[in-house]
Structures are given as structure tokens and as C-alpha cells.
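Have a look at the structure below before the remarks.
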Amino acid sequence: MSEVLLAVLAGAVVGFFFSAIKLPLPAPPVISGIMGIVGIYLGGVAYHAMIDRFFS
């Protein structure tokens, strides 16, 4: 849980800094960014499931 809080804090600091110096936020649009992260996670889970099922 502390990793999640640290990640949110780091993101908030970066977002504040970029907004303060009037730069665009270094993040993709909200929905597509979230779905990309979900896709990466699901791909990793699928890989490990396939390795465990077929090669163990």
C-alpha cells in the first residue's frame, strides 16, 4: 500500500511542477492511458499463466 501512496505522491509532485512551469502534462489522455496500463498488466498475467500451465 505504501508503494501506491508513494506513486500517487510522486505523480502529484510532477503534475504540480509541470503545471507551474506551464508545460503539458507528461501523461496520455485519461481513458486511453488507463486502458494501456490495464492491457500491460493483463499481458503480464497471461504470460505467467501460460508459462505455469504449459511449461511446469
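Just so you know, all these numbers are worked out from the coordinates, no wet-lab data involved. Keep in mind that what you see is a predicted model, and the values were worked out from it rather than measured. Positions of Cβ are backbone-derived with ideal geometry, glycine not excepted, and every protein chain shown enters the neighbour counts.
Using a simple spin-label model with points 7 Å from Cα along the Cα→Cβ vector, what separation in nm is obtained for E3 and L25?
Inter-label distance under the simple model: 2.4 nm.
In deg cm²/dmol and to the nearest 500, what is the mean residue ellipticity at 222 nm of the chain if only DSSP H runs of at least 4 residues count, each as -39500 (n - 2.57), divided by the residue total?
So the helix-based figure for the chain works out to -27500 deg cm²/dmol.
Treating the angle as unsigned and between 0 and 90°, give the value, to the nearest 10°, between the Cα long axis of helix 2-20 and the longest Cα principal axis of the chain.
That works out to roughly 40 degrees.
Over 18 Å, how big is the tail of the calculated P(r) for the chain, in percent of all Cα pairs?
58 percent
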